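Down below is the structure, laid out as structure tokens.
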Amino acid sequence: MSRRGVLFVLLLIGALLSGWALWDRRLPPERAVANDNRPDYVLHDFELIALDDKGKESFTLRAPNLSRRPDDETMTLTTPLFLLPTAEGDYWQVRSKRGWIGADHSEIRLEGEVKAESPADALRPVTMNTDQLSVFPSKNEARTDAVVTIVQPGSILRGRGFTVSTTTKRYVFRSEVQFTHAPTPR
């Protein structure tokens with residue numbers, strides 16, 4: 001065999017061994033997918049109406065972006081607006097910079113400039129501001145450990161640690177409570 005033939009055979013054997021080594025070290029498809037942090041779906045400029053166990057509206061959600069993570073099935077939101085129905089058929093509006101929804105949808109976390117406003121035609125309109133708020137729709141409850149400021153005509157109430165029941169409309173502050181009364185002009 002000529003020198004050229006021997007070189008060709010050696011190169012061919014080297015190429016086959018290299019190809020086999022690369023093939024043997026490839027990642028299986030499930031490992032490649034498991035390490036991928038990309039969402040399995042994304043919604044843009046959407047409106048979602050969630051129903052409770054009895055088929056009644058629990059809340060309406062509007063946001064420019066929702067992303068769902070396949071590994072833990074949680075969802076993240078950008079600048080969400082939640083509309084929470086009242087018994088009278090009006091809606092509380094709750095806004096924030098960011099939001100998170102748990103996999104079982106039992107908890108919604110709002111973060112960054114959270115603002116809740118009572119229905120516009122309420123007798124005593126209420127505005128609530130905080131940095132974070134956890135909402136539990138099935139329990140009709142919301143709470144936070146952060147500072148909360150509640151503004152109503154003629155009064156400002158501020159405190160740390162807050163829980164509210166949306167069914168009874170009762171709320172509790174845990175500490176650092178301050179109340180300012182300013183009579184409304186007639």
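Show that you can apply the helix-only estimate: for the chain, add -39,500 (n - 2.57) for every DSSP H stretch of four or more residues, divide by all residues, and state [θ] at 222 nm to the nearest 500.
-5000 deg cm²/dmol
Straight-line reach from K115: which lysines have Cα under 23 Å away, leaving out those fewer than 8 places along the same chain?
Result set, ordered by chain and number: K97, K139, K169.
Could you run the Debye sum over the Cα atoms of the stretch 47-98, one equal point scatterer each and no solvent, and tell me log10 of I(q)/I(0) at q = 0.31 Å⁻¹, two decimals?
-1.14
Could you list V114, V147 in order of exposure, starting from the residue whose Cβ has the fewest other Cβ atoms within 10 Å?
Final ranking by Cβ density, sparse to dense: V147, V114.
So what are the ³J(HN,Hα) numbers for the stretch 58-70, from phi and the Karplus equation (6.51, -1.76, 1.60; θ = phi - 60°), rounded to whole Hz, Gly and Pro as x?
Per-residue couplings from phi come out as 8, 6, 10, 10, 10, 7, x, 7, 9, 10, 10, 8, x Hz.
With Cβ to Cβ distances under 12 Å as the rule, what net charge do the other residues near E88 carry (K, R +1; D, E -1)?
The answer is -1.
Tilt of helix 3-24 relative to the longest C-alpha principal axis of the chain, in degrees (0 to 90, nearest 10)?
Around 30 degrees separate the two axes.
For the stretch 103-186, take every pair of Cα atoms, bin their distances at 10 Å starting from 0, and report each bin as a whole percent.
The distribution over the stretch 103-186 is 17, 48, 29, 6, 1, 0, given as percents.
Given q = 0.16, 0.19 Å⁻¹, what are the Debye log10 I(q)/I(0) values for the stretch 51-179, with equal point scatterers placed on the Cα positions and solvent ignored?
Values returned for q = 0.16, 0.19 Å⁻¹ are -0.81, -1.14.
FYI, it's all coordinate maths here, none of it is from the lab. Bear in mind that the values here come from a model prediction, so they are computed numbers and not experimental data. Cβ: placed from backbone, ideal geometry, glycine included. Neighbour counts: every protein chain shown.
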